[in-house]
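*Asks:* Sending over a structure as structure tokens; questions will come in a sec.
The values are calculated or read from the model by the stated rules, or taken from the named source; none is laboratory data. This one's a predicted model, so the numbers in the text were calculated from it and none came from an experiment. Every residue, glycine as well, gets a Cβ built from its backbone with ideal geometry; the counts of neighbours run over all protein chains shown. Note: accessible area is taken over every heavy atom of the protein model, side chains too, but ligands, DNA and RNA are not part of it. Shrake-Rupley method; radii C 1.70, N 1.55, O 1.52, S 1.80 Å.
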Amino acid sequence: NLVPKPGPEQRVDFALDKGMTLSGRVVDKEQRPLAGANVAQGLESFHRSVKTSADGAYALPNVDLSPNLVYVARADGYVPQQRQSDGTPSLDFELPASVGVEGTVVDRADKPLKGARVYLHRIAFAAGVQQDRSQMQAQNFTTSGEGGAFRFDQVLPGQVAVVAFHRAFGPGEAGPIEVPVGGPGPRDARVR
């Protein structure tokens, strides 16, 4: 710990060790490689990250391989996975497919409403799904298109609700909607 003292400028020197390389593969539940998946050290940012190659392999250089550090793998269309290192230079990830939530915004007479603002809200996570508190808020929003259609992709498993607002109507809600882990999708919601 550095405790600054009054007076002239103080000098502090640091000796940094070169980091190690963590490598492994990212695959889906059927063991197929996931090309272009993002693997990163830590939960908060992806400033130290790499993409997987066509065979799902990655090599993340200059990292700390101490046990219990967290690494995260993410890929479009799949549920993110976080794992703790065990102190070895190898860590593989197996990502389950994510499920989308789609539906239609309609008025009380079942007439589709284009231009409604649609929000996806988290109610609960499925057991065993990695989570953080920020994901309990509105996860995403979109605007209903032709025929009142909307869609959310990569919805983490558990329970969600969909809420829609339109300037000419009161708000409407659908839910709870069960989103299974890697189950057949997408889940359907009709919002009135």
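*Asks:* May I ask you to give the percent of accessible area on segment 1-101 that is carbon plus sulfur, with a probe radius of 1.4 Å?
*Replies:* Here it works out to 52 percent.
*Asks:* To continue, here is another question. With loop defined by DSSP as not H, G, I, E or B, and exposure as at most 13 other Cβ atoms within 10 Å, which is the longest segment of the chain clear of exposed GluC sites (Glu not before Pro)?
*Replies:* Result, exposed sites excluded: 45-192.
*Asks:* Right, another one. Can you tell me which of Asp92, Asp13, Asp76 moves the most in a GNM of the chain? Springs connect C-alpha atoms under 10 Å apart.
*Replies:* Ranking Asp92, Asp13, Asp76 by mean-square fluctuation puts Asp13 first.
*Asks:* Hey, another quick one. Students often forget the sequence filter, so: which lysines lie under 26 Å Cα-Cα from Lys29 once same-chain residues fewer than 8 apart are removed?
*Replies:* Lys51
*Asks:* Among 58-66, 154-162, how do they line up by average Cβ neighbours within 10 Å per residue, starting with the highest?
*Replies:* Top to bottom by mean Cβ count within 10 Å: 154-162, 58-66.
*Asks:* In addition: Under a straight-distance cross-link criterion of Cα-Cα below 19 Å, which lysines are reachable from Lys18, leaving out those fewer than 8 residues away in the same chain?
*Replies:* none
*Asks:* Would you mind getting the accessible area per residue of segment 1-119, heavy atoms of the protein chains only, 1.4 Å probe, in Å²? Numbers along the way, then the final one.
*Replies:* Working: 7450 Å² over 119 residues.
For segment 1-119, the solvent-accessible area averages 63 Å² per residue.
*Asks:* May I pose another question? Once the cut-off is 30 Å, how many percent of the Cα-Cα pairs in the chain end up in the long-distance tail? Each step should come with its number before you reach the end.
*Replies:* On the way: 7189 of 18336 pairs.
Value for the chain (Cα pairs over 30 Å): 39 percent.
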